[in-house]
Amino acid sequence: MRSLLAAILTLLLPARGTHRSAAPPPLPLTPCPPCPPPPPVITCPHPADVITADGMPLVRPYLVEWERERDALDRRRLQRERRRAAVLASLGQDYVPVPWEVAV
C-alpha cells in the first residue's frame, strides 16, 4: 500500500522513464518575416531642431544642444527642490523655495 505522501508526489511530479517518451513531438518552427532595414545614420544629434535655408542651418546644432543641456539642468534643480521640500515636510518643517536669481 502506498503512503499518502507518495500519492501526492505522483500527482505533482512528472512521470519518469518511458512515460515521457509518449509525449507528442514539438511543433515545427515557422519562419519569421525578414528584419526591416536599419534606420539611416543621423550625423546631427537633433535634426528636427535645426532649420535650414538654402542648405545652411539657421540655428547651429551646438546652440540647440546647449539649450537642451540648460533645460536639463533646470529640470534637475527643480527636482532637487521638490525632494528637499518633501524631506523637510516629512520632518514637519515648512520650506519656502528662494528664487534662483535671489540666491545667486
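The values are calculated or read from the model by the stated rules, or taken from the named source; none is laboratory data. Quick caveat: nothing in here was measured; it's all calculated off a predicted structure. With ideal geometry, Cβ positions are generated from the backbone for all residues, glycine too; neighbour counts draw on all protein chains shown.
Brief remarks follow.
- Residue in segment 87-102 that is at pLDDT 75 or above, in a helix (DSSP H, G or I) and within 22 Å of the chain's Cα centre (by Cα) present: no
- Residue in segment 60-72 that is in a loop (DSSP other than H, G, I, E, B) and either surrounded by 10 or more Cβ atoms within 10 Å (Cβ to Cβ) or at pLDDT below 85 (or both) present: yes
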